[in-house]
Amino acid sequence: MHDQVEKDKLESEQRSRIPLPPPIPGRGPIPISLFRRQEGSDSTNPVDGKRRKVAGFSPIEKAFQNTTRYELDSRIARIFYTGGLPFNFARNPYYRNSYAYAAIHNIPGYVPPGYNALRTTLLQKERAHVERLLKPIKDSWLENGISIVSDGWSDPQRRPLINIMAVSDGGPVFVKAIDGSGEFKDKHYIAGVLKDAIKEIGHEKVVQVITDNANVMKSAGALIEGEYPKIFWTPCVVHTLNLALKNICAAKNTEKNEVTYEECSWITRIADDASFIRVFIMNHSMRLAMFNEFSPLKLLQVADTRFASIVVMLKKLKLIKKCLQAMAISEQWASYREDDVEKAVKVKDMILSDLWWDKVDYILEFTAPIYDMLRVADTDKPCLHLVYEMWDSMIEKVKTAIYRHEGLEDDEYSSFWSVVYDILIDRWTKNCTPLHCLAHSLNPKYYSIEWLSENPKRISPHRDHEISMERSKCLDRYFEDESELKAVKCEFASFSGGRFPSPDALTDRWDLLPLVWWQYHGSAFPTLQSLAFKLLGQPCSSSCAERNWSTYKFIHSLKRNKMAPARAEDLVYVHSNLRLLSRRNEEYVNTSTKMWDIAGDSWNESDIHGGAGILENAALTLDEPELEAMVIGNANTSVTTSESEVRSEVIDVDVDDDASI
């Protein structure tokens, strides 16, 4: 009996020394923490004693190469620590894929690429690779059309650069950046740059050229339209709205602007007061520390060059109103004694004044429709066909807010509304183009009974005289042949009159998206269908070109200020387009690399009230409402939702009508 026990024990020890098979590639290591003794254990198990005598590591540790894995982790971590890389870089899918590829493929003696290879041959190969990835998008441009958007910037060496991007319903694509050093940026030079881009892409693919509203851009646009009658110059809607807000909220005290200044100067004073409060708190460490005790949110500065900067600043103050008031009545504030006692009294009086906050609320109330339209327009998504209706609805909403506050009926006169209305109409007149009217006319929704019944003042596009006149101008430019023009007029008459082969086409005008409707029901109007495919997929702003400068600043920073523009352009081309392509993948919203390019270090979806993560969200521009909603919109509190709106304002460049590039 004793011999049998000894024999069983010996067989058990032998089985325990049999190594496990190596892990299957792609499944990762099997956790072994349950089988390992804690360090410092005082176990007196004789079997443990025997195992400790075995040189090196346990069989399980050998099988899964734990020590090797830990060492590799340490070496990778040292790259982050010594290179100053943000921890968020670990969420980059290309970083993760590179190590996954190395783990699957055994490459003895592999040496990673060096300095010269990264900046020369590999960069050129990656650009060619990106070109192949973009080919399906570019192949769709002939049928769906594209918009060329452009903007100007100066790099750290003060070299003027002109950014060119192509936008379609497939998304934005970075085309190139032009170094304008030594060139006089007049209308002929700007038009030449844009014409070169049109020739490179193909003039038959280009629907419109979108730039800011500067006079030199308008003149360059006229030269382009003269050479390419079927390509329209379109001023950026977001710039137009921002200029309208500036005219209202920061009216200039000039002789020509006397009436406007008299009606709107109170808004300027409120904005100056808000700026005074922010500067008083932020410019002193003691006052800032006091503010941070009462507010979980940061009172970040909004630059004057940002879109809707005054509105955003007031939104921020309104968001932290209770925190400011709690600070102003606190013992810390009462015991604070510095050289700025008089200023402290002034700030306290404003913060605790209900009348002052009522004026802030009124400003935010009547500017909300303008700000909301700005957010919708500031996107790469198709919205050209929505612009005309958005302007009409926005103006009506502004009037409603003003009349409600003043307690007036619709037929009564308001001097303040009269000034605001003149500003909005003047800006809309400068912004409206025949292309807006034709795109509006091709939206099936605007002919549906449901849309018309929402407001008794609405009429369908074919019954609107202004829209009809502008639409005719547009069609005349598109169809020079009389027979083609006559055919498209007949098609439009049937389309606008609701004469469809299928009865479902009538009800689907309201239920389906415009492009979907044309894809499903548009075969009865082939010429109009081709136009609809191009016009209903275009943006209405140049914001993506401006946002790309943040990428250019990242690439061509002060640390790289000696980089040649050609190499910087290659880096921006690869960097921008890879990021834009990655956003089309399902992994971008559902895996561990979720939104890898917008979330910062210390990112935690459940902690959105502060920290480094929320600072990175400040880089979300008004053009990315969906990403913003995914990042911040999950909050259950109204404070956080408001903060997401407030912190989305980070777009450079604000060009007035008389400015030059």
Checking PHE87 against (1) touching a helix residue (DSSP H, G or I) at 6+ places or on another chain (Cβ under 8 Å); (2) closer than 20 Å to VAL572 by Cβ; (3) not assigned by TED's automatic domain parsing to the domain that holds SER219: exactly one of these is not met. Which one? (2)
Of all residues in segment 429-451 being farther than 12 Å from THR234 by Cα and β-branched (Val, Ile, Thr), the one that is nearest to the chain's Cα centre (by Cα): THR429
Going through VAL216, VAL206 one at a time, which residue ends up being more than 20 Å from PRO160 (Cβ to Cβ) and not assigned by TED's automatic domain parsing to the domain that holds TRP391? VAL206
Please tell me if ASN213 is in contact (Cβ under 8 Å) with a residue 24 or more places away in the chain, touching a Gly at 6+ places or on another chain (Cβ under 6 Å) and under 22 Å from HIS436 (Cα atoms). no
What's the number of the only condition in (1) under 30 Å from ALA308 (Cα atoms); (2) buried (at least 19 other Cβ atoms within 10 Å of the Cβ); (3) among the hydrophobic types (A, V, I, L, M, F, W, C) that ALA197 fails to meet? (1)
Taking the residues in segment 472-506 that are under 34 Å from the mean Cα position of the chain (by Cα) and over 17 Å from PHE525 (Cα atoms) as candidates, determine which candidate is surrounded by the fewest Cβ atoms within 10 Å (Cβ to Cβ). LYS473
Can you find, within segment 112-171, the residue that is nearest to PRO539 (Cα to Cα) among those that are out of contact with any strand residue (DSSP E or B) (no Cβ under 8 Å at 6 or more places or on another chain) and among the aliphatic types (A, V, I, L, M)? LEU142
Could you please let me know if PHE174 is crowded, with 17+ Cβ neighbours inside 10 Å, in contact with a Phe, Trp or Tyr (Cβ under 6 Å, 6 or more places away or on another chain) and over 30 Å from ALA368 (Cβ atoms)? yes
Exactly one condition in (1) in a helix (DSSP H, G or I); (2) surrounded by 11 or more Cβ atoms within 10 Å (Cβ to Cβ) is false for ASP73; which is it? (2)
Regarding VAL279, is this residue in a helix (DSSP H, G or I) and either touching a Cys at 6+ places or on another chain (Cβ under 8 Å) or at pLDDT 90 or above (or both)? no
Of these, LYS138, LYS125, which one is within 27 Å of PHE533 (Cα to Cα), part of a helix (DSSP H, G or I) and modelled with pLDDT of 90 or more? LYS138
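Quick grid of which residues meet (1) acidic (Asp, Glu); (2) without any contact (Cβ under 8 Å) to a residue 24 or more places away in the chain; (3) over 30 Å from ALA166 (Cα atoms); (4) touching a Cys at 6+ places or on another chain (Cβ under 7 Å):
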position: SER330; (1), (2), (3), (4): no, no, yes, no
position: ASP340; (1), (2), (3), (4): yes, no, yes, no
position: LYS343; (1), (2), (3), (4): no, no, yes, no
position: SER353; (1), (2), (3), (4): no, yes, yes, no
position: ASP358; (1), (2), (3), (4): yes, yes, yes, no
position: ALA368; (1), (2), (3), (4): no, no, yes, no
position: CYS383; (1), (2), (3), (4): no, no, no, yes
position: MET394; (1), (2), (3), (4): no, no, no, no
With (1) in contact (Cβ under 8 Å) with a residue 24 or more places away in the chain; (2) over 18 Å from VAL279 (Cα atoms); (3) touching a helix residue (DSSP H, G or I) at 6+ places or on another chain (Cβ under 7 Å) as the list, and MET390 as the residue in question, which single condition is left unmet? (1)
Please state which one of LEU424, LEU506, LEU408, LEU438 is of a type in the set (A, V, I, L, M), modelled with pLDDT under 95, part of a helix (DSSP H, G or I) and not assigned by TED's automatic domain parsing to the domain that holds ALA214. LEU506
Residues in segment 249-269: is at least one within 29 Å of the chain's Cα centre (by Cα), closer than 21 Å to TRP391 by Cβ, touching a residue at least 40 places away in the same chain (Cβ under 8 Å) and surrounded by 15 or more Cβ atoms within 10 Å (Cβ to Cβ)? yes
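The values are calculated or read from the model by the stated rules, or taken from the named source; none is laboratory data. The shown structure was predicted, so the numbers you read here are calculated from the model rather than taken from an experiment. Virtual Cβ from ideal backbone geometry, glycine too; neighbours counted across all protein chains shown.
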